[in-house]
Amino acid sequence: MMIRTFIALELPKPLKSELGSVVNRYSKTTPPYVNWVKPENLHLTLLFIGDVQPQEIRIIDEVLAKQLEGFPSFIFRPEGLEFFPSLQPHLLWLKLSSENEDIFKLNRRLLKELSACGIEADKKAMKLHITLARLKSSLNPALEREIMSRKIKHEPLYFDCLCLFKSQLFPEGPQYTVLNRYNLIHSRRINAG
């Protein structure tokens, strides 16, 4: 039986709580064609792998352990909520910015290392974001503006726990299970800039 997998960063608790409030606030007032991410499922995807054989989980774990040994935590700054793409959006996400390219380099390195092991992951260019909702149709413009005007704390945050997840799809929404956690090192100071 195949296992659907992805690699993602867990959110810092303050950000997860704040985004959970946004989800809880708007999930009750938006039309049914908006599928909100359950607050406990919020994460920042580093790499979607897709379906793998059970024995390939060990290979993925070994690649991650090797690549993340001594790896510093990431520092990202929330930039605000936005609909993507801007015309006929199908996602609502929190856009993030990074002070360097480390996350993108790690994404490419993992793609290369997994491919060398015969595991092909999603090659789409990574965008720094946390998905809050998927839309099957556009919202009314007033509600879009209200959601986008929602202020999210803007200070830089440490993302220091990366996980290998199993994803199971159910009619009521996906269920994510942590297969392994990899703690990153706090070796840099946050620049309050």
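The values are calculated or read from the model by the stated rules, or taken from the named source; none is laboratory data. What you see is a predicted model; the values in this text were computed from it and never measured. Glycine gets a Cβ as well: all are built from the backbone with ideal geometry, and neighbour counts include every protein chain shown. Quick note on the areas: whole protein, heavy atoms, side chains included, nothing else; ligands and nucleic acids left out. Shrake-Rupley method; radii C 1.70, N 1.55, O 1.52, S 1.80 Å.
Against the numbered list (1) touching a Gly at 6+ places or on another chain (Cβ under 8 Å); (2) closer than 26 Å to Pro141 by Cβ, Thr5 comes up short only at (2).
Across the range 140-175, the number of residues qualifying as among the aliphatic types (A, V, I, L, M), closer than 21 Å to Phe76 by Cα and open to solvent by 70 Å² or more (accessible area, probe 1.4 Å) comes to 1.
Conditions tested, residue by residue: (1) open to solvent by 20 Å² or more (accessible area, probe 1.4 Å); (2) in contact with a Lys or Arg (Cβ under 8 Å, 6 or more places away or on another chain).
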| residue | (1), (2) |
| --- | --- |
| Ala8 | no, no |
| Leu15 | no, yes |
| Ile60 | no, no |
| Leu68 | no, no |
| Phe74 | no, no |
| Gln88 | yes, no |
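For beta carbons closer than 8 Å, sequence separation of 6+ or different chains, a first residue in the range 134-150 that is under 12 Å from Pro31 (Cα atoms) and a second that is part of a helix (DSSP H, G or I) and hydrophobic (A, V, I, L, M, F, W, C), the qualifying pairs are Leu139/Ile147. Output yes when any residue across the range 65-73 is within 16 Å of the chain's Cα centre (by Cα) and of a type in the set (Phe, Trp, Tyr), and no when none is. No, because not a single residue in the range 65-73 is within 16 Å of the chain's Cα centre (by Cα) and of a type in the set (Phe, Trp, Tyr). For the range 35-48, the set of residues classified as of a type outside the set (S, T, N, Q) and open to solvent by 10 Å² or more (accessible area, probe 1.4 Å) consists of Trp36, Val37, Lys38, Pro39, Glu40, His43, Phe48, listed by residue number.
Being in a loop (DSSP other than H, G, I, E, B) and within 30 Å of Gln55 (Cβ to Cβ) is true of Ile119.
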